[in-house]
1. Under 22 Å from MET99 (Cα atoms) and of a type in the set (A, V, I, L, M, F, W, C): does that describe LEU213?
2. Among the residues of the stretch 108-124, how many are part of a loop (DSSP other than H, G, I, E, B) and either more than 10 Å from ARG153 (Cα to Cα) or touching a residue at least 60 places away in the same chain (Cβ under 8 Å) (or both)?
3. Just wondering, is there one or more residues in the stretch 49-69 that are among the aliphatic types (A, V, I, L, M) and under 30 Å from LEU120 (Cα atoms)?
4. Would you please name the residue that is nearest to GLU180 (Cα to Cα), looking only at residues in the stretch 1-54 that are modelled with pLDDT of 90 or more, in contact with a Gly (Cβ under 8 Å, 6 or more places away or on another chain) and among the charged types (D, E, K, R)?
5. Report whether or not LEU104 is part of a helix (DSSP H, G or I), touching a residue at least 24 places away in the same chain (Cβ under 8 Å) and under 23 Å from the mean Cα position of the chain (by Cα).
6. Can you name the residue in the stretch 107-121 that is closer than 25 Å to GLY53 by Cβ, more than 25 Å from the chain's Cα centre (by Cα) and not basic (Lys, Arg) and is also surrounded by the fewest Cβ atoms within 10 Å (Cβ to Cβ) among such residues?
7. Restricted to the stretch 131-149, and to residues that are touching a strand residue (DSSP E or B) at 6+ places or on another chain (Cβ under 8 Å), farther than 26 Å from GLN37 by Cβ and loosely packed, with under 15 Cβ neighbours inside 10 Å, which residue is modelled with the lowest pLDDT?
8. Kindly establish whether SER161 is modelled with pLDDT under 85, closer than 29 Å to GLY34 by Cα and outside any helix (DSSP H, G or I).
Amino acid sequence: MKRRGYGRLLLLLIGAALYAIALLFCQRAEEGMGLTQVLLERAIDSTEAERIGDTEAEEKDPIRFCFWGETGEETPFCPVNGAQARGRMTLLAGHPALMEAESLTWQKGCLMDAGTARTLFGTDQCGSQYVTISGREYPVLGTVSGSLPRLLRLAEKEDGSVLDRCVLSLAPEQGRAQGEAFLMRHGLQGKILDYFPTWAVTKNLLLFFPGLLFLTAWGKLRRGWRRLSLSGIRGGEQTTLLLKTILSLTLTVGTVWLLEKQITIPSDMIPSRWSDFSFWGNWWRGQKENFSLLFSVSLGSEQLQMAGNMVKSMVASTAAFLLALWAVRRGTHENSAD
């Protein structure tokens, strides 16, 4: 009997560890939820991006944005030691801080990943170095996070129309609506990658593990309370009955609070008319396309890391729930056998 109990306890401990990991990845994903990614139907150049910036600055509540685009692989060259490397060039226009390139806001130059910096200069502390790219020399302003070889610099007129993506700094639940308004305001068209529905799934999955434990404990207390109430006990066991009743009610309130107050529902998931039966079909098709875009297009490093953290959190929280369910079922079967 003790071995059986230890087995269930071990499953619950492993599940609790996985749940803690899920919480950690969910918290990390939440840090990047203030950014909305837009895929433009047509690429723009730095001149148009500057015009959009001037127009947006006149709005009552201007939106911070950063247009970006990739030009393919480049071969940066260190003029001092002759070292070369390869990396994808990303051009920026707007607010570079949204793409982890804050130093480009006040000075011209380029940024690179730490691996490329070590290849060229032997160290990732490269703030005083220079690099030659396509025959032009740029001061190196520092490094950016990420393991993929990449270079970042501000877009210039001679680069042409290469900016085909845009990052908007928006509240997560308003990302799609305000993103569409931003595109319309500046005569642009494109697809908005809405992270909020995926984030809602990630957050709601975190309710399954504690919810199962709450309901299981409540069920056991309810059955114990029923047995005690039917046995007609007196004396000190009445205190036990009262404590179990209070704990049962507390768990009930906790479960209701957990499931009602903590559930996250995207606003666009609520139809304006419940008689609109085509709403759900269109919504699911839109979410399927949105989800496939999230993991099939080239994203900025922050957005890619955020999407990866959401997936890790969903996997860990699902595994934690399944282990807890296994432990509960084992306990039910063992009690039935006894």
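The values are calculated or read from the model by the stated rules, or taken from the named source; none is laboratory data. Every value quoted in this text rests on a predicted model; they were computed, and no experiment measured them. All Cβ positions, glycine included, derive from the backbone under ideal geometry; neighbour counts span all protein chains shown.
1. Judged against the criteria, LEU213 is not a match.
2. Selection size over the stretch 108-124: 3.
3. Checked against the condition, which is being among the aliphatic types (A, V, I, L, M) and under 30 Å from LEU120 (Cα atoms), the stretch 49-69 yields no hits at all.
4. The residue in question is GLU41.
5. no
6. GLN107
7. For the stretch 131-149, the residue satisfying everything is SER134.
8. No, not satisfied.
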